[in-house]
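S.K.: For reference, the structure I am asking about is given below.
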Amino acid sequence: MFSPLPRRPAVVRGLRWVGGLAAVVALLLLGPLAVVASGHVDLGTHWRLGSRDSTGQAPDPAAEAGAVVQVYGARTVHWRGAFGIHPWIAVKRAGQTAYTTYQVIGWRAYRGGRAVDVREGGIPDARWFGAYPALLADRRGPDVDALIDRIEAAVADYPWPDRYSAWPGPNSNTFIAHIARRVPELGLDLPPTAIGKDFLGPSDFVARTPSGTGWQFSVYGLLGASVAWEEGVEVNLLGLSFGVDVNDLALRLPGIGRVGFGV
């Protein structure tokens with residue numbers, strides 16, 4: 001009988017590396033699985049039947065004379081909601097009686113249109129096909145009109161207006177992160193469930209974090225890390241982000257979001 005050939009050290013190390021990576025990914029997937037088990041994601045209702053009603057979080061534009069900027073984020077439709085959110089930004093200039101919303105919508109790009117959706121007179125705080133939106137940023141006051149000018153400029157120079165990829169990007173979170181980097185006064189701390197926020201494109205690897213309070217390194221939104229005052233320390237592996245938010249005394253967990261005392 002022939003004795004088996006000894007395994008090469010390089011092959012053994014490679015198998016161990018692959019096994020370790022698989023174990024880490026499996027551990028990260030526990031967050032999305034926990035979200036599904038908790039019932040916080042509607043897996044049964046058809047998206048067309050989901051509510052698009054106002055949640056009462058935005059000030060009435062007929063009563064609020066000043067300028068307003070708000071950023072919202074809601075769980076995406078069906079099983080994808082266990083992993084991530086869909087964000088949008090709503091603005092109203094001083095004296096205006098209606099909001100304008102900016103977001104990226106995948107089906108528009110899939111049908112050959114522009115992914116960037118600009119809608120005047122819409123509901124700024126509507127449910128996202130049944131999902132209740134969290135208010136991620138709220139800016140008001142005499143300087144907000146100037147912020148709106150810069151937000152509109154950031155929308156105009158978004159690099160991928162006709163492209164959409166749910167994973168790893170560019171997608172709706174990539175779009176809002178782009179605006180936030182151009183307008184750091186928003187102080188937008190996108191949660192770890194904003195999959196696509198770390199997508200910087202095929203040739204850019206270093207950028208400001210969306211909050212503007214730190215820096216991040218990212219390879220195509222699939223591997224990276226960030227350190228910032230608002231976001232804390234965060235690692236991104238295959239689009240799943242986890243870390244520690246020291247500023248808010250919170251953990252940043254894939255699927256679950258932020259959990260802690262300051263949340």
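Rule-based calculations on the coordinates, nothing more; no lab input. Just so you know, these numbers come straight off a predicted model, no measurement behind them. Because the Cβ atoms are built from the backbone with ideal geometry, glycine has one as well, and the counts that use them run over all protein chains shown.
S.K.: Taking the alpha-carbon set of region 220-263, what are its Rg and Dmax in Å?
M.R.: For region 220-263, the Cα radius of gyration and maximum Cα-Cα distance read 10.1, 32 Å.
S.K.: Among 18, 146, 106, flag the residue with its Cα farthest along the positive direction of the charge dipole of the chain, charges on Cβ as +1 for Lys/Arg and -1 for Asp/Glu.
M.R.: Farthest towards the positive pole: 18.
S.K.: Another question, if that's okay. Compute the acute angle (0 to 90°) between the alpha-carbon long axis of helix 172-182 and the principal axis of greatest extent of the alpha-carbon atoms of the chain; round to the nearest 10°.
M.R.: 70 degrees
S.K.: Please report how far the C-alpha centroid of region 216-231 lies from that of region 108-163, rounded to the nearest whole angstrom.
M.R.: 23 Å
S.K.: How high is the relative contact order of region 14-260, in percent, counting Cα pairs under 8 Å that sit 6 or more residues apart?
M.R.: 17 percent
S.K.: Using the crude model of +1 on Lys and Arg Cβ and -1 on Asp and Glu Cβ, and no other charge, please compute the dipole size for region 187-238 relative to its Cα centre, in debye to 20.
M.R.: The dipole magnitude comes to about 100 debye.
S.K.: Please state the charge dipole magnitude for region 14-260, taken about the Cα centre, from unit charges on C-beta atoms (+1 on K and R, -1 on D and E), reported in debye and rounded to the nearest 20. Write out the running numbers ahead of the final one.
M.R.: Working: 22 positive and 23 negative charges, 151 e Å.
I would put it at about 720 debye.
S.K.: Moving on. In degrees, nearest 10, range 0 to 90: what is the angle between the Cα axis of helix 144-156 and the longest Cα principal axis of the chain?
M.R.: Approximately 50 degrees, to the nearest ten.
S.K.: Suppose each label sits 7 Å from its Cα in the direction of the beta carbon; what would the residue 8-residue 46 distance come out to in nanometres?
M.R.: Going from the residue 8 label point to the residue 46 one covers 5.6 nm.
S.K.: Over the alpha-carbon set of region 40-113, work out the extent along each principal axis and list the three values in angstrom, largest first.
M.R.: Principal extents (Cα only, largest first): 41, 31, 21 Å.
S.K.: Also, I was wondering about something else. Compare the peptides 191-201, 123-133, 157-167, 84-94 by average per-residue count of other Cβ atoms within 10 angstrom and give them in order, highest first.
M.R.: Top to bottom by mean Cβ count within 10 Å: 191-201, 84-94, 123-133, 157-167.
S.K.: Evaluate the Debye formula for the chain with equal point scatterers sitting on the alpha carbons, no solvent, and hand back log10 of I(q)/I(0) at q = 0.07, 0.10, 0.17 Å⁻¹, in q order, two decimals.
M.R.: -0.27, -0.52, -1.42
S.K.: Sort the following peptides by mean Cβ neighbour count (other Cβ atoms within 10 Å, averaged over residues), highest first: 15-25, 171-181.
M.R.: 171-181, 15-25
S.K.: Rounded to two decimals, what is the ratio between the C-alpha radius of gyration of region 124-214 and 2.2 N^0.38 Å?
M.R.: Region 124-214 yields a ratio of 1.11.
S.K.: Hey, rough spin-label estimate for residue 79 and residue 120, points 7 angstrom out along Cα→Cβ, what's it come to in nanometres?
M.R.: Reported label-point gap for residue 79 and residue 120 is 4.2 nm.
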